[in-house]
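Okay, structure first, notes after.
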Amino acid sequence: MPQPCVAVVAGVGACLPEQVVSNDDLVRDGLNTSDRWIRSRTGIARRRRAGPGTSTGDLAVEAGAAALAAAGVPVVDLVVLATTTPDGAGRPAMAGRPVGVVRRPAALSVHRPLPTCVRHSPSRAAPPA
């Protein structure tokens with residue numbers, strides 16, 4: 001009898017740019033809106049901005065190292081990067097990145113600006129702060 005194929009998420013990691021940008025910062029920079037307008041429609045109060053020369057792939061390498069450390073595994077079969085901000089049009093964010101920890105090197109970036117399978121549920125959302 002054939003063995004079932006098994007996939008396991010053994011660890012997750014994250015890497016956040018240091019610069020924090022608030023809604024008020026956006027308004028001060030000339031965006032014609034307000035903190036209240038943004039929060040009431042998105043729930044977003046602040047976001048992170050990568051510095052010049054820092055790409056999605058750079059952040060992904062750091063996050064991947066954290067995920068491997070969390071999983072406690074030195075080698076993995078495949079790395080999947082899900083992002084709405086690839087390094088360039090038609091170019092996976094992980095293309096050309098070191099993949100020494102991957103048994104069968106492959107670059108697979110999943111990027112779609114608005115997920116079609118995730119829906120916002122206002123009854124579960126935390127109220128804006």
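Residues in region 44-75 that are in contact with a strand residue (DSSP E or B) (Cβ under 6 Å, 6 or more places away or on another chain) and closer than 17 Å to V9 by Cα: A60 alone. Cβ separations smaller than 6 Å between residues 6+ apart or across chains give the following pairs from region 53-77 residues that are part of a helix (DSSP H, G or I) to residues that are exposed (fewer than 13 other Cβ atoms within 10 Å of the Cβ): T56/T85; A63/A14; A67/V12; A71/A10.
Condition check ((1) under 21 Å from G88 (Cα atoms); (2) more than 12 Å from the chain's Cα centre (by Cα)) across all residues:
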{"position": "V6", "(1), (2)": "no, yes"}
{"position": "A10", "(1), (2)": "no, yes"}
{"position": "E18", "(1), (2)": "no, yes"}
{"position": "L31", "(1), (2)": "no, yes"}
{"position": "I38", "(1), (2)": "no, yes"}
{"position": "A45", "(1), (2)": "no, yes"}
{"position": "R48", "(1), (2)": "yes, no"}
{"position": "G51", "(1), (2)": "yes, yes"}
{"position": "A70", "(1), (2)": "no, yes"}
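Mind listing whichever residues of region 45-58 are within 19 Å of T85 (Cβ to Cβ) and aliphatic (A, V, I, L, M)? Hit for region 45-58 is A50, nothing else. Would you check if A65 is under 13 Å from the mean Cα position of the chain (by Cα), surrounded by 12 or more Cβ atoms within 10 Å (Cβ to Cβ) and on the phi < 0 side of the Ramachandran plot? Spelling it out, it is not the case that A65 is under 13 Å from the mean Cα position of the chain (by Cα), surrounded by 12 or more Cβ atoms within 10 Å (Cβ to Cβ) and on the phi < 0 side of the Ramachandran plot.
When restricted to residues that are closer than 30 Å to V76 by Cβ and in a strand (DSSP E or B), region 40-52 contains 3. Note on region 13-44: among residues that are touching a Pro at 6+ places or on another chain (Cβ under 7 Å) and surrounded by 13 or more Cβ atoms within 10 Å (Cβ to Cβ), the one that is farthest from T83 (Cα to Cα) is R39.
Since every read-out is calculated from the coordinates, none of them should be taken as a lab result. Small disclaimer: the values here were computed from a predicted structure and weren't measured. We place every Cβ from the backbone using ideal geometry, glycine too, and count neighbours over all the protein chains shown.
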